[in-house]
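Colleague: Below you'll find the structure I mean.
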Amino acid sequence: MNLLEKLDAAAAARIAMLPTGVGAFGIPIEEVYSATEARIGDRRVLLLGTNNYLGLTFAPECLEAAHEAIDEEGTGTTGSRMANGSYFGHRALEKEFAAFYQCSSGMVFTTGYQANLGTISGLVGQGDTVLIDGDSHASIYDGCILSGADIIRFKHNDMADLEKRLRRLGNRTETTLIIAEGIYSMLGDQAPLAEIVELKKKYGCFLLLDEAHSLGVLGETGQGLVEKTGLLKEVDFITGTFSKSLCSIGGYCVSNHPQLEQLRFVSHPYIFTASPSPATIASTRAALELLRNGTELRDQLWKNSLQLYTQLEETGYKLGPDPGPVISAMVESPQQALALWQGLLDHDIYVNLILPPAAPEGKSLVRCSVNAAHTTEQMKYVGDTFAKLKQEILN
Ligand SMILES: Cc1ncc(COP(=O)(O)O)c(C=O)c1O
């Protein structure tokens, strides 16, 4: 099979899995009306499949900051952070992230994906080891591959398995980086951070926590799992993204290790790419300010999340173990998942469809992402529709 025929075969396999041929993946959003509503085809849909946890995509403060930055600094930096792409705003945002986490250093990357790629490949290399959770996001896997370090996976959130693998490393643990996530994006469950920290200390290795889905969601001021668990000082490196609670695009890494600064000179995903646009940086700074100031958005997010999680659980859906804004209904087969996804769209609700191999352990998921801008009525409508479709499709 040549290169193009291989792609044809992959496409055929995907289409065969989706008997109705509906384009669940990459579905065009024709118009966006608000943080909770958009148009798909000729339907006005309720958005339950975005990572807009705090509902800030149209926050006036962020819009105004972005507009001002475009007017004053133009549409793009046209260069790398290492060359001409480090504006005042990039440095200011790095300082603001460092201050938010009470850390000495902060780095801003062009995407959250690159934050993981750049941090991991800058920290570890050939001869070093990364110990990663089996459910890690692709950016973590790819960062590990790019680094050339030995990659060892431990079973998802399984601390006995992690310790077994640490024990086998012997004196290689001092050049080992453990990587976990605050909230895992597939099932919305949280890492057992206290136990991971205990093992990290016991075996003398380093720990990186990706707070992509937990920034703005967990903790009194929204730092993430580090704050919820009171373990901020025990984690060596925290990465995250601007594309979820902060409603723009970009990524960060913060640390109390001054060596983080050296990554600026060795990390290819930081160096060999253009820096985020001024508007992106400006709206991110405004969103971080909103995220830090007050718990109102987070409280509303949790109220909405618990309402939907409880209703789906009571309806008999099998969900991830930790209630939160990522609510995944696990169904028996890809066909059932597709039917449920389509049924929800037919009722003007857009959610994410996740099929094997993207979902862990061959699961088929229909995933809702709740946000702070949703209303109680919207949550009830979604819950009632899930209940109706369970009767019609899954029973
Ligand atoms: C856990 C995790 N880390 C990193 C990323 C990458 O972030 P971004 O999409 O902003 O590049 C994602 C994105 O979904 C994610 O879920």
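Colleague: Within the set Lys200/Lys303; Lys363/Lys390; Lys164/Lys200, which residue pairs have Cα atoms separated by over 23 Å?
Modeller: Long pairs (Cα-Cα over 23 Å): Lys200/Lys303.
Colleague: A further question follows. Do the sum for the chain: with -39,500 (n - 2.57) for every DSSP H run of n ≥ 4, divided by all residues, what is the mean residue ellipticity at 222 nm, to the nearest 500 deg cm²/dmol?
Modeller: Estimated from H runs of four or more residues: -12500 deg cm²/dmol.
Colleague: Moving to a separate point now. Rounded to the nearest 5, what % of DSSP beta bridges with both residues in the chain are antiparallel?
Modeller: 60 percent
Colleague: Right, something else. Would you mind calculating the gained length between His268 and Glu332 on full extension (0.36 nm times residue separation, minus the Cα-Cα distance), in nm to one decimal?
Modeller: 18.9 nm
Colleague: Now a separate question. Please list, short to long, the whole-number percent of alpha-carbon pairs of the chain in consecutive 10 angstrom bins beginning at zero.
Modeller: For the chain, the pair-distance distribution reads 5, 22, 30, 27, 14, 2, 0.
Colleague: A further question follows. State the Cα centre-to-centre distance between the range 77-116 and the range 214-238 in whole Å.
Modeller: 19 Å
Colleague: OK, next. Work out, step by step, the length gained on full extension between Leu3 and Glu392: first 0.36 nm times the residue separation, then minus their alpha carbon distance; give nm to one decimal.
Modeller: Stretched fully, the Leu3-Glu392 segment lengthens by 135.8 nm.
Colleague: May I ask you to sort Tyr309, Tyr381, Tyr270 by Cβ crowding, counting other Cβ atoms within 10 Å and putting the fewest first?
Modeller: Exposure proxy ranking, most exposed first: Tyr381, Tyr309, Tyr270.
Colleague: Compute the relative contact order of the chain as a whole-number percentage, counting only Cα pairs closer than 8 Å that sit 6 or more residues apart in sequence.
Modeller: Computed value for the chain: 22 percent relative contact order.
Colleague: Next up: Do any trypsin sites (Lys or Arg not before Pro) in the range 130-169 lie in a DSSP loop with no more than 16 other beta carbon atoms within 10 Å, and if so, which?
Modeller: Lys155
Colleague: Right, something else. Between Phe88 and Lys202, what FRET efficiency follows from the Cβ-Cβ distance if R0 is 56 Å, with the result rounded to 0.05?
Modeller: 0.80
Colleague: Looking at the P(r) of the range 1-146, how many percent of alpha-carbon pairs lie beyond 27 Å?
Modeller: Considering the range 1-146, 52 percent of its Cα-Cα pairs are separated by more than 27 Å.
Colleague: Also: Got a sec? Which residues in the range 191-210 would a label at Arg172 touch, if it sits 7 Å along Cα→Cβ and we count backbone N under 18 Å?
Modeller: Answer for the range 191-210: 200, 203-207.
Colleague: Turning to a different aspect of this structure: Taking H placed 1.01 Å from N in the peptide plane, check which residues at least 5 places from Thr273 or on another chain put their amide H under 5 Å from its amide H.
Modeller: Under 5 Å from the amide H of Thr273 lie the amide H atoms of Arg81, each far enough along the sequence or on another chain.
Colleague: Would you mind putting 72-84, 193-205 in packing order, based on average other-beta-carbon counts within 10 Å, highest first?
Modeller: Going from most to least packed, we get 193-205, 72-84.
Colleague: Okay, next question. Run the numbers for Ser80 and Ser34: contour at 0.36 nm per residue of separation, minus the present Cα-Cα distance, in nm.
Modeller: Length gained between Ser80 and Ser34: 13.3 nm.
Colleague: Quick check of the Kirkwood formula: for the range 60-292, what is the inverse mean of 1/r over all pairs of different Cα atoms, in Å?
Modeller: 17.7 Å
Every number in this text was worked out from the coordinates using simple rules, so none of it is lab data. Here the structure is a predicted model, which means the values were calculated and not measured. Every residue, glycine as well, gets a Cβ built from its backbone with ideal geometry; the counts of neighbours run over all protein chains shown.
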